[in-house]
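Report on the structure given below.
The values are calculated or read from the model by the stated rules, or taken from the named source; none is laboratory data. These numbers were taken from a predicted model, which means no experiment stands behind them. Reconstructed Cβ throughout: ideal geometry from the backbone, glycine too, with neighbour counts over all protein chains shown. Ligands, DNA and RNA are excluded from the accessible area calculation, which covers all protein heavy atoms including side chains. Shrake-Rupley method; radii C 1.70, N 1.55, O 1.52, S 1.80 Å.
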Amino acid sequence: MFTDLSMTIFSIFAQMSVGAFIVLGVVQVLARTRGGRSAEEIDRLTDPATYAVGVTLVLGLAASIFHLGTPMNAINVLRHVDSSWLSREIAFGLGFAGLGFAFAAMQYFKWGSAQLRQVLAGLTALVGVGLVASMAMIYASLDAVPAWNTWVTPVQFAVTTLLLGSLAVGAAFMGTVMWRRRQMEQAGEEPATDERDLATITASLKGIALASIVLLGAAFVIIPLHLNELSQGGAAAVASAEVFSGAMFALRLALVFLGAGLLGFFVYRFASRTEVNPQPLAVVATVAFGLVFVGEFIGRSMFYESMTRIGM
Amino acid sequence: MAVKLGFYFDQTLCTGCKACQIACKDKHDLPLGVNWRRVAEYGGGTWQITGDTFAPNIFANYMTMACNHCDDAVCADVCPTTAMHQREDGVVAVDDDLCVGCRYCEWACPYSAPQYNAETGRMSKCDLCTDFRGEGLDPACVAACPSRALDWGPIDELREKYGDVAAIAPLPDPSVTQPNLVITPHRSAEPVGAATGAINNPREV
């Protein structure tokens, strides 16, 4: 278990960052077009989450360094972009980080027009998609590893990206609300959240809850298809499938199911109510994210463990 | 590329003594866990049923493997740093000045040729004993084999002399990497794709 810890941390954090960035973009677009909110109003809500994306991305990139035997040579990994998916991954990763930080800085200092910032955010999200795609191709392109050399790898990476991204944004929104209320409390004021802000957040959370239930369904279809594919392969494929069994595998499935499914349902229920106290919603959104994060983390760790090669 | 070099292995002569493996390890002073050449003990069997009698029908043979300096060297293709590269003579080698030790080549190679050396923090692999060959000597593994089951040379010459069989279990299908390898199969050898046996010493290879 946890044989490739640095790779597990890097891939999970990087994918969560890309997913969260995309989901924040979707929230922005929908809140403006369907919620009738202004750019400034939504920024107030999404900016803290955007900065959090930067933190998780940096954590992930830092973890990836520990995977290297000779980190001093790290700059060389960009030398083979024309042939190696690993070079491409790092190029996209640095691109996503660079554009993301430029965007975050422009948001923070309100540099440039809102339109310019939107274009930059869109570009950043596209490069993020490139990052997840090249990450998937690193594994999916290896003929020697049957457990990875399948359509399942990119699809599973996409599901993880969006699932963790959605739930992380949900938790970050509620965290922001609760933190601001606490600030008010400490200042001796009656804690309150702007009604229209709360409406935007609950609408977002309802969307996030629905998305996670759909993604959970997708994940639970992909896993048996993958196992079936491996069972029909050669000796290496059959051997690698053995990883996906036992108590840890059951725990991983249970955690993702509880987090995305059951709690998704509660998030939807709570978000549909119009209560003044957002605390129960905050707890549910945070726990849902935590459970799915741990479940996906175990799943990714098993993914690395399933590396059984053909040949000798 | 001028001349492509490769290995020849006569499986009918191999006794599984692993002298090639030890000679390689000694010559290159490899640390614990790093074995550029390894010998797999491949075996299996079925039951032969005659009337009410079940008799075991078993087989075993050996496969020695280092690096095949493949035409389609997947290790070099996937290497992010270009440290893993194919030299003019077709030998696939690691440039220590470039290697970052990410171990991606290790995942990609179905022959386990690139191996991580924790002492140097870099990948390492068979270079067909470049220094020995420069002195007119055979590679250490070839020279050490008491059964003379190993040979090396320009792959065209090896294929002319010994044929072009390389699709023998437990090796992968040669179409994956186009290895510069020729094998004279043991009588119990199983072709790739019709393999029923297994490697019986997986921790050694």
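Of the trypsin sites (Lys or Arg not before Pro) in region B:77-177, which ones lie in a loop per DSSP and count no more than 16 other C-beta atoms within 10 Å? It would help to have the intermediate numbers written out before the result.
On the way: sites: B:ARG87, B:ARG103, B:ARG122, B:LYS125, B:ARG133, B:ARG148, B:ARG159, B:LYS161; in loops: B:ARG87, B:ARG103, B:LYS125, B:ARG148.
Passing sites in region B:77-177 are B:ARG87, B:ARG148.
Residues of region A:33-71 whose accessible area, computed with a 1.4 Å probe over protein heavy atoms, drops by at least 10 Å² once all protein chains are present relative to their chain alone are A:HIS67, A:LEU68, A:GLY69, A:THR70. Averaging 1/r over every pair of different alpha carbons in region A:51-210 and inverting the result gives a Kirkwood radius of 18.5 Å. Partners of B:LYS25 within straight-line reach, counting aspartates and glutamates whose Cα lies under 16 Å from its Cα and excluding those fewer than 8 residues away in the same chain: B:GLU119, B:ASP127, B:ASP131, B:ASP138, B:GLU204. Both numbers refer to the Cα atoms of the protein assembly as shown; Rg and Dmax are 27.9, 94 Å. In region A:288-312, burial by the other protein chains removes 10 Å² or more of 1.4 Å probe accessible surface, compared with the chain on its own, from A:MET307, A:ARG309, A:ILE310, A:GLY311, A:MET312.
A simple count of charges around A:PRO146, restricted to other residues whose Cβ falls under 15 Å of its Cβ and scoring Lys, Arg +1 and Asp, Glu -1, yields -4.
Considering just Cα atoms, how many Å³ per residue does the convex hull of chain B enclose?
Cα convex hull per residue, to the nearest whole number: 129 Å³.
Comparing each chain alone with all protein chains together (probe 1.4 Å, DNA, RNA and ligands left out), the residues of region B:53-87 losing at least 40 Å² of accessible area are B:ASP77, B:PRO80, B:THR82. Note on region B:104-189: Kirkwood hydrodynamic radius from all Cα pairs is 15.0 Å, rounded to one decimal. Net charge in the neighbourhood of A:THR8 (other residues with Cβ under 12 Å of its Cβ; Lys, Arg +1, Asp, Glu -1) is -2. In whole percents, the pair-distance distribution calculated for region A:5-305 from its alpha-carbon pairs, binned every 10 Å from zero, is 6, 26, 32, 23, 10, 2, 0. Surface composition of chain B: carbon and sulfur atoms hold 51% of the protein heavy-atom accessible area at a 1.4 Å probe. Average accessible surface for the protein assembly as shown: 45 Å² per residue, computed with a 1.4 Å probe over protein heavy atoms with every protein chain in place.
Spin-label model, B:ILE49/A:ASP47: points 7 Å from Cα along the beta carbon direction are separated by 7.8 nm. Calculated [222 nm] ellipticity per residue, helices only, for chain A: -26500 deg cm²/dmol; basis is -39500 (n - 2.57) per DSSP H run with n ≥ 4, divided by all residues, nearest 500. Using Cβ point charges alone (K and R +1, D and E -1), the dipole size of region A:5-305 about the Cα centre works out to roughly 340 debye. A simple count of charges around B:CYS126, restricted to other residues whose Cβ falls under 11 Å of its Cβ and scoring Lys, Arg +1 and Asp, Glu -1, yields +3. Phi angles across region B:61-68 convert, under the Karplus curve 6.51 cos²θ - 1.76 cosθ + 1.60 with θ = phi - 60°, into 3J(HN,Hα) values of 8, 10, 9, 9, 8, 10, 10, 9 Hz, Gly and Pro given as x.
Might you report the magnitude of the Cβ-based charge dipole of region B:81-195 about its Cα centre, with Lys and Arg at +1 and Asp and Glu at -1, to the nearest 20 debye?
Details: 9 positive and 18 negative charges, 82 e Å.
In debye, rounded to 20, region B:81-195 gives about 400.
When the accessible areas of A alone and B alone are added and the area of the pair subtracted, with a 1.4 Å probe, the result is around 2500 Å², both sides summed. I'd like the distance separating the alpha-carbon centroids of region B:30-100 and region A:226-287, in whole Å. Region B:30-100 and region A:226-287 have Cα centres separated by 39 Å. Quick one: angle between helix A:5-33 and the longest Cα principal axis of chain A, in degrees between 0 and 90, rounded to 10, please. Here the helix axis deviates by roughly 40 degrees. Helix B:19-28 axis versus longest C-alpha principal axis of chain B: approximately 10°, rounded to the nearest ten. Dimensions of region A:131-197 based on its C-alpha atoms, expressed as ranges along the principal axes with the largest first, amount to 64, 21, 17 Å. Across region A:37-49, coupling constants 3J(HN,Hα) worked out from phi with the 6.51/-1.76/1.60 Karplus curve, θ = phi - 60°, read 8, 8, 4, 5, 4, 6, 4, 4, 8, 8, 4, x, 5 Hz, and Gly and Pro carry x. Extending 7 Å from the Cα toward the beta-carbon at both B:ASP96 and B:PHE59 defines two label points whose distance is 4.4 nm. Report summary: the helix-based calculation at 222 nm, which adds -39500 (n - 2.57) for every DSSP H run with n ≥ 4 and divides by the residues of chain B, gives -4500 deg cm²/dmol. Rounding to the nearest 10 and keeping the result within 0 to 90°, find how far the Cα-based axis of helix A:85-109 lies from the longest principal axis of chain A. For helix A:85-109, the angle is close to 10 degrees.
Listed by chain and number, the lysines whose C-alpha is less than 18 Å from the C-alpha of B:LYS161, apart from same-chain residues fewer than 8 away, are B:LYS4.
At a 1.4 Å probe, what is the % contribution of carbon and sulfur to the accessible area of chain A? Walk me through the numbers before you get to the answer.
On the way: 9520 of 13840 Å².
Of all accessible area on chain A, carbon and sulfur atoms account for 69 percent.
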